[in-house]
Amino acid sequence: MIWVRLICVCFSILWLVGCASSGQSRSDSNRELQRNSQRAAELTQQASMLIETDPAQAMELLRQAVEADLFHGPAHNDIGVLLLNQGDLYGAAEEFDWARRLMPGHPDPRLNLGIALERGGKTQDALDAYASANEVYPNYLPAMQAITRLQLRSGNVDDSTHTMLQAIAFRAQEPWKSWAIKRLAKVQVEFND
């Protein structure tokens, strides 16, 4: 019991010394951690309009958005898109992973993570990321398209491939509709053999 008290006293002293040595009171550090979610959302919206036309300016706005609110998932997702477009697969994957954690019910960060992993040659990890996007948003057409395309390309065809191809052929627009119809006939022949 004496040891427990001694350890508690030591930690208390260390904590007090740590706060005193930082030169900041607890309220000062809380102010630094304050989130400006509205500002982050505005900056992210502005950046989304510039991603295609002015990626450098979009990146600057997104960095400002993350400074305004470190936990603004859409900013991380869009930074990932810019990094992916620049060929920085590792950086893009990190940003998509951040966005995935900050946006647990949204499929886009998972889908984008899958794209980065696929481009990096991580086929099974990409399939898992695409499947995760389809799990958080069932029957999400872009996820089903990505899954079936990669399954067919990598030879990882399973029972779900045919079902997803049917859904794509029925729900998608061109050119995906034609793509799915052509593959449906081929997959059906392979499963019947």
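FYI, it's all coordinate maths here, none of it is from the lab. Keep in mind that what you see is a predicted model, and the values were worked out from it rather than measured. Note that each Cβ is placed from the backbone with ideal geometry, even for glycine, and that neighbours are counted across all protein chains shown.
Estimate the FRET efficiency between D158 and K122 by the formula 1/(1 + (r/R0)^6), using the beta-carbon distance for r and 25 Å for R0, to the nearest 0.05.
0.85
Treating only the Cβ atoms of Lys and Arg (+1) and Asp and Glu (-1) as charged, compute the dipole magnitude of the range 51-193 about its Cα centre; round to the nearest 20 debye.
About 600 debye.
What is the magnitude of the charge dipole of the range 110-193 about its Cα centre, with +1 placed on the Cβ of each Lys and Arg, -1 on the Cβ of each Asp and Glu, and no other charges, expressed in debye to the nearest 20?
340 debye
Classify the range 37-103 as rounded, prolate or oblate, taking a ≥ b ≥ c as the square roots of the eigenvalues of its Cα gyration tensor: rounded when a/c is under 1.5, otherwise prolate if a/b is larger than b/c and oblate if not.
Because a/c hits 1.5 or more and a/b fails to exceed b/c, the range 37-103 counts as oblate.
What shape does the range 108-163 have by the C-alpha gyration tensor, where a ≥ b ≥ c are the square roots of the eigenvalues, rounded means a/c under 1.5, and otherwise prolate means a/b greater than b/c and oblate the rest?
In terms of gyration-tensor shape, oblate.
Run the quick spin-label model on Q38 and A56: label points 7 Å from Cα toward the beta carbon, then report their separation in nm to one decimal.
Spacing of the two 7 Å Cα→Cβ label points: 3.3 nm.
Sorted by packing (mean other beta-carbon atoms within 10 Å per residue), highest first, where do 163-169, 55-61 land?
163-169, 55-61
For the pair K186/F71, report the inter-label distance in nm, with labels modelled 7 Å from Cα in the Cβ direction.
So the two model labels end up 4.7 nm from each other.
Would you mind working out the magnitude of the charge dipole of the range 39-134 relative to its Cα centre, with +1 at each Lys and Arg C-beta and -1 at each Asp and Glu C-beta, to the nearest 20 Debye?
Magnitude of the dipole: close to 220 debye.
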